[in-house]
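To start, the structure itself, in structure tokens.
Since every read-out is calculated from the coordinates, none of them should be taken as a lab result. As the structure is a prediction and not an experimental result, all values here were calculated from the model. As a convention, Cβ positions derive from the backbone with ideal geometry for all residues, glycine included, and neighbour counts pool all protein chains shown.
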Amino acid sequence: MFIHSLAGFFRSISLRNENSLQDTLRLLTLWFKFGSHDEVSHAMASGFNRVDVDTWLEVIPQIIARIQTPSINIKRNIDMLLTEVGRHHPQALVYPLTVASKSTSPARRDAALAILSQMKDHSSTIVNQAVLVSTELIRVAILWHEQWHEGLEEASRFYYTEKNPEAMIQTLEPLHELLEKVSCRERCPFGKNLIRVKGPTTSRETSFAQVYGRELREAREASRRYLRYGDPTELDKAWDIYYALFKKIEKQMPQLVTLDLQYVSPELLKARDLELAVPG
């Protein structure tokens, strides 16, 4: 029954060409609900070849929302479909995939990176530029001052309200990592490993590290001593530092209204004549 329904939707979409969005959405509903079955998976894979690749442009968000699906059959078909769409329309796919590649979900991040890696084979310039623009726009959108202000608020809730010092320390650890100038091996957007140096990379970040770095390292060491020895006085020391820094940062927040691009993102300032299209 489902196979006949899928075949009917594919037939309808191929005949209508335009204004087939409703049929496409209904097809996706059946696919995501029953696509883990082998016969449905085979029918979907076969149906992809019977409709124009442009059919899927309107439903890219719905498809990318499922890229981390645990179903092997559905995931295989999603990868195949998005790879084909990316080959014909890289501009339409590169932004949503780049956003997905920065997800906190490892499964979602890895799935997006795998497709970006395949897109790099035929659209490397666009992929590289999308990674640059998205990374730098995020850097400009939330400065280190703002990240620490928000992080300390969240950490204080764990510590004082929920009485959960481990969660407090875990919340602040990624922010401490930002400050550390160490080489670390991590995943690049193309599925390969590279060495990337963390730490301040802009004038604004360097200034933040110079002003607050020493005290934040002291607070981090106190938190680590608590984890090692279980002495609660170490957490008191850490929070004496964190609270003082929070008040200092809070006073600076109203001044972060106008940002000079050369100080917050020199890479974005240098970007010229990109092949990457503006989203939308």
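Side notes on the structure shown:
- Its Cα centre serving as origin, the chain has a Cβ charge dipole (Lys and Arg +1, Asp and Glu -1) of approximately 380 debye.
- In order along the stretch 211-218, the Karplus-derived 3J(HN,Hα) couplings, from 6.51 cos²θ - 1.76 cosθ + 1.60 at θ = phi - 60°, round to 7, 10, x, 4, 5, 5, 5, 4 Hz, and Gly and Pro are given as x.
- Cα gyration tensor category, rounded, prolate or oblate, for the stretch 200-255 with a/c compared to 1.5: oblate
- Rounded to the nearest whole Hz, the Karplus-based 3J(HN,Hα) values (6.51 cos²θ - 1.76 cosθ + 1.60, θ = phi - 60°) of the stretch 261-278 follow the sequence 4, 5, 9, 9, 7, x, 5, 5, 5, 7, 5, 9, 6, 6, 6, 5, 7, 5, with x at glycine and proline.
- Dipole-positive endmost among LEU227, SER20, LEU276 within the chain (Cβ charges, Cα centre): LEU227
- Cross-link pairs beyond the 26 Å C-alpha cut-off, checked among LYS120/LYS270; LYS75/LYS120; LYS102/LYS247; LYS102/LYS270: LYS102/LYS247
- Entry note, the chain: the mean residue ellipticity at 222 nm calculated from DSSP H runs of n ≥ 4, each adding -39500 (n - 2.57), is -22500 deg cm²/dmol after division by the residues and rounding to the nearest 500.
- As a rough footprinting exposure proxy, the listed residues LYS237, LYS248 were ranked by other beta carbons within 10 Å of their own, and the order from fewest upward is LYS248, LYS237.
- Only Lys, Arg, Asp and Glu carry charge here, each on its Cβ (+1 for the first two, -1 for the last two); on that basis the stretch 2-140 has a dipole of about 300 debye about its Cα centre.
- Couplings 3J(HN,Hα) for the stretch 251-259, derived from phi with the Karplus relation 6.51 cos²θ - 1.76 cosθ + 1.60 (θ = phi - 60°), are 5, 7, 4, x, 7, 8, 9, 10, 10 Hz, where x marks Gly and Pro.
- Proximal aspartates and glutamates to LYS33, defined as alpha-carbon separation beneath 18 angstrom and excluding residues fewer than eight positions away on the same chain: ASP23, ASP79
- Options SER105, TYR95, ASN77, ranked by Cα towards positive dipole end of the stretch 64-146, top entry (Cβ charges): ASN77
- Look at the Cα gyration tensor of the chain: its axes a ≥ b ≥ c give a/c of at least 1.5 with a/b over b/c, and that counts as prolate.
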